[in-house]
Amino acid sequence: MSDALKQSLDLSMFWEYRAILLQGLIFNVLVFLCAASVALSVGLGAALLRINRLWPMRLIGTLHVEIFRNAPDYIMLVWVHFVLPLLIGIAIRRRVEFHPFTSAVIALGFVYSGYFAEGFRAGIQAIPQGNLDAGRSFGMSERLILWRIILPQVVRRMLPEALNLFVSMFKATTIVSLIAVPDLMYNVSMVIQQEMRPLPLYTGAAITYFLLIFLLSVGVRHFGERWRRTSMA
Amino acid sequence: MSIARAARESAPIFMSQVLSQVPNEAPSQVLSEVPSIRVAGIHKRFGPLEVLRGVSFDVPRGSVVSVIGASGSGKSTLLRCVNHLEPPDAGEIYIEGEPLGARVDARGNRKARSLAEINAMRRELGVVFQQFNLWPHMTVLGNVIEAPIRVRKLPRKEAVAYGEECLRRVRMIDKANEYPARLSGGQQQRAAIARALAMRPKAMLFDEATSSLDPELTDEVLGVMRELAADGTTMIVVTHEMSFAREVSDRVIFLHQGLVEEEGPPGDVFGAPKSERLQQFLSKYRKQ
Amino acid sequence: MGNWERLVWNQRDVLLAGLSITVQVCAIAFLVAILGGLALCLVRLYVRPLRWLAVLLIEFFRDTPIFVQLMWVAYVWPEVFGFPNDFFNAGWLALGLQSSGYLAETFRAGIEAVPRGQRDAAFSAGLSPVQTFRRIVMPQVVLASAPSIVNQFTVIVKSSTLVSVITVPDLMSQSQKLVNVWYEPIEILTATAAIYITFIFLVSACGKLLADRLRLRYGLVAA
């Protein structure tokens with residue numbers, strides 16, 4: 001048993017392939033950045049729908065949130081990559097294929113838009129009505145009120161929670177290897193196929209991710225505490 | 001003699017002066033100058049409850065009209081109807097002769113105004129709220145220049161210059177770069193008054209501006225309001241401060257259960273109240 | 001798409017078999033998560049010499065992405081530790097370990113949130129520390145963190161879709177098998193997604209109801 005343990009902790013192999021693995025990690029970061037943008041914008045849109053005056057809009061917003069918050073990442077990934085192109089293809093009568101990167105960004109972006117939408121909604125509804133009354137009394141349009149009064153306060157309030165969601169999202173990007181996006185885990189499996197030595201590689205991947213995410217989490221936690229104390233002027 | 005009247009002794013004669021000396025005259029009969037604000041037959045209900053049941057009065061230019069009454073009489077709702085924060089169910093508000101809720105086109109047809117048009121007219125009314133409602137994520141100066149820049153589209157330099165002047169007027173200039181959370185209630189309210197003034201409104205609406213303040217802080221805000229009145233600002237003041245109403249107003253309106261129960265110059269309303277309900281109401285404040 | 005009947009309804013046995021495996025994996029993982037989380041939390045709070053180990057384990061289980069943990073537990077652990085001996089066990093073990101990290105923190109926050117006065121009252125009445133913990137502290141912790149605990153179960157269900165990658169015949173894996181046989185992914189995958197979403201939604205809703213009912217009963221939430 002100790003032989004296997006030694007083998008798995010022998011990270012020289014992991015180190016040897018570090019260039020390829022680093023490239024993979026960069027893909028994780030890219031997917032994360034794009035998906036995060038999607039999640040933020042779609043999430044904001046859904047949150048605004050949820051508090052709209054018209055009930056059909058509210059219904060759409062609620063459906064969006066409930067569907068995507070309760071959907072497993074992996075099934076969404078598979079569905080977006082394999083089913084959505086077919087549906088679009090049927091609609092426009094042409095063959096459509098998604099690049100795996102695109103599918104990953106759309107799937108993860110929409111799943112996490114559900115979580116962001118809830119956060120945005122809670123933040124918006126926490127703003128005292130008086131702030132809005134004052135804005136309206138000065139003749140500010142609803143759009144002005146949203147951008148100058150509501151959103152700045154919502155962002156300040158929500159920042160710690162949003163950062164936590166971002167860390168979760170980054171962890172979720174590891175599954176994109178399953179639709180052949182060349183991220184870290186994908187490259188790890190490629191190397192394993194070549195070298196036939198899974199122990200150090202999987203262990204190395206686990207340790208790498210652990211260290212990376214650990215540092216991010218600790219950073220976010222500290223920032224969150226300081227933010228809560230000093231912000232909310 | 002009210003401070004406002006004293007200040008205007010030396011000013012050119014306006015029709016409003018004549019008006020204020022004619023007690024209990026129905027507004028529409030005496031008018032030859034357009035009042036700053038005309039409230040005409042306002043009705044408002046919330047669900048089954050009818051809060052305003054037909055309120056009418058005029059606010060001539062440069063005058064101070066106080067609205068008093070018990071809680072639940074509809075005072076705050078009335079003020080919120082004046083700038084359409086609550087659209088009235090019936091009746092109309094006229095700002096310098098222009099109806100706020102609807103437009104009358106060339107052929108005399110009434111067309112409801114869009115929100116954008118109403119917003120444009122709201123610029124002419126400055127509102128000071130009971131809860132101050134300063135925007136917490138901006139400094140005092142930021143609050144003051146926000147609407148002039150975004151709504152009146154003034155260049156930033158101009159907005160800052162006039163904004164600082166307004167802050168000086170309410171004696172808050174040294175707190176211009178503070179955030180609202182660091183200020184006392186009285187300071188916040190004065191900042192809110194400066195914010196409203198910075199839009200150069202035609203009239204100022206005060207919705208129980210001192211009701212949220214501790215007694216010590218109330219005086220500093222009332223002082224500012226008195227100065228504004230003395231400068232000839234057109235004001236509608238919803239208030240519990242009877243001494244202020246008596247000393248500063250040109251006209252007092254007593255609201256009871258959604259109707260104007262009695263109105264007139266302060267001397268008459270406070271000195272010789274006709275309606276029994278007004279007498280009861282005032283007796284509670286006699287000790288003040 | 002009249003294929004629904006052919007592809008989904010007629011294959012419902014296959015899908016239900018998969019769903020059954022999913023439920024089993026999730027249930028066992030949830031149990032492991034609660035017990036493991038509790039153990040880690042208690043060691044962290046009360047066993048000083050081992051605190052560093054508990055913290056390390058908690059952080060490791062929480063911060064490592066579930067997919068990475070799954071592969072690691074499934075392929076490395078059997079060689080090094082001798083277990084898990086098959087992929088089904090690897091599945092619930094990995095899922096359980098990850099969630100135990102989260103629950104350990106949830107429990108810790110809950111325990112630290114119980115006002116000190118509660119313990120003072122218990123000790124003054126003569127209860128031993130263990131009794132105090134079992135009868136006074138933990139019930140309050142569970143009540144307060146019920147929503148987080150339910151949420152963690154939904155996380156387990158969502159992550160369970162990944163055990164298909166290590167060839168556990170769960171719902172995800174069965175539906176992918178069907179797609180490979182019939183080459184028509186639209187109905188099958190959409191139906192699978194709908195089943196997962198509905199299942200998780202129901203779990204969430206029931207959990208919320210249960211948690212609210214419990215808290216109402218104990219007066220922690222206004223009626």
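Overview of results
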read-out: Any helices (runs of 4 or more DSSP H) falling wholly within the stretch C:116-223 and containing at least 3 residues that are more than 14 Å from chain A (Cβ to nearest Cβ) and open to solvent by less than 40 Å² (accessible area, probe 1.4 Å); value: C:138-159
read-out: Scan of the stretch B:181-225 for residues that are more than 13 Å from the chain's Cα centre (by Cα) and aliphatic (A, V, I, L, M), ordered by number; value: B:A181, B:L183, B:A191, B:A192, B:A194, B:A198, B:M199, B:L213, B:L217, B:V221, B:L222, B:V224
read-out: Positions within the stretch B:112-125 being within 17 Å of the chain's Cα centre (by Cα) and more than 8 Å from every other protein chain (Cβ to nearest Cβ), in sequence order; value: B:E124
read-out: The stretch B:147-163: number of residues that are surrounded by fewer than 24 Cβ atoms within 10 Å (Cβ to Cβ) and at the interface with chain A (Cβ under 7 Å from one of its Cβ atoms); value: 2
read-out: In the stretch A:182-206, the residues that are surrounded by fewer than 20 Cβ atoms within 10 Å (Cβ to Cβ) and over 17 Å from A:Q23 (Cα atoms); value: A:Q193, A:Q194, A:E195, A:M196, A:R197
read-out: Selection within the stretch B:98-143 - out of contact with any strand residue (DSSP E or B) (no Cβ under 8 Å at 6 or more places or on another chain), farther than 25 Å from A:R148 by Cβ and either modelled with pLDDT of 80 or more or not aliphatic (A, V, I, L, M) (or both); value: B:E98, B:R107, B:G108, B:N109
read-out: Spans of helices (runs of 4 or more DSSP H) in the stretch A:70-166 with at least 1 residues within 13 Å of another protein chain (Cβ to nearest Cβ), in contact (Cβ under 8 Å) with a residue 40 or more places away in the chain and crowded, with 21+ Cβ neighbours inside 10 Å; value: A:73-82, A:100-125
read-out: Residues that are open to solvent by 10 Å² or more (accessible area, probe 1.4 Å) and part of a strand (DSSP E or B), drawn from the stretch B:253-288; value: B:H256, B:L259, B:V260, B:E261, B:E262, B:E263
read-out: Looking only at the stretch B:126-136, and only at residues there that are more than 7 Å from chain A (Cβ to nearest Cβ) and open to solvent by less than 30 Å² (accessible area, probe 1.4 Å), the one that is nearest to B:V224 (Cα to Cα); value: B:V128
read-out: Residue in the stretch C:201-214 that is in contact with a Gly (Cβ under 8 Å, 6 or more places away or on another chain) and modelled with pLDDT under 95 present; value: no
read-out: Hits in the stretch A:178-189 (condition: out of contact with any His (no Cβ under 6 Å at 6 or more places or on another chain), touching a residue at least 60 places away in the same chain (Cβ under 8 Å) and assigned to a helix (DSSP H, G or I)); value: A:L178, A:L184, A:M185, A:Y186, A:N187, A:V188
read-out: The stretch A:51-66 residues that are without any contact (Cβ under 8 Å) to a residue 40 or more places away in the chain and open to solvent by 60 Å² or more (accessible area, probe 1.4 Å), paired with ones that are not in a helix (DSSP H, G or I) and not basic (K, R) (beta carbon under 6 Å, 6 or more apart); value: A:R58/A:N52
read-out: Selection count, the stretch B:52-92, where residues are crowded, with 22+ Cβ neighbours inside 10 Å and in a strand (DSSP E or B); value: 10
read-out: Unmet criterion (only one of (1) farther than 24 Å from B:F244 by Cβ; (2) away from chain A (no Cβ under 13 Å)) for B:R169; value: (1)
read-out: Qualifying residue in the stretch A:68-91 (condition: in contact with a Gly (Cβ under 7 Å, 6 or more places away or on another chain), among the aliphatic types (A, V, I, L, M) and farther than 19 Å from A:A36 by Cβ); value: no
read-out: Enumeration of residues in the stretch C:35-70 that are within 30 Å of A:L178 (Cα to Cα), open to solvent by 20 Å² or more (accessible area, probe 1.4 Å) and either among the aliphatic types (A, V, I, L, M) or more than 14 Å from every other protein chain (Cβ to nearest Cβ) (or both); value: C:G36, C:L56, C:L57, C:I66
read-out: Scan of the stretch A:1-47 for residues that are within 14 Å of another protein chain (Cβ to nearest Cβ) and polar (S, T, N, Q), ordered by number; value: A:S2, A:Q7, A:S8, A:N28
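Conditions tested, residue by residue: (1) more than 15 Å from the chain's Cα centre (by Cα); (2) within 17 Å of C:I197 (Cβ to Cβ); (3) at pLDDT 95 or above.
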position	(1), (2), (3)
A:V83	yes, yes, no
A:L108	no, yes, yes
A:G139	yes, no, no
A:L159	no, no, no
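The values are calculated or read from the model by the stated rules, or taken from the named source; none is laboratory data. Fair warning: this is a prediction, and the values are worked out from it, not measured in the lab. Ideal geometry is used to build each Cβ from the backbone, glycine not excepted, and the neighbour counts take in all protein chains shown. Remember, those area values only see protein heavy atoms, side chains included, never the ligands or the DNA or RNA. Shrake-Rupley method; radii C 1.70, N 1.55, O 1.52, S 1.80 Å.
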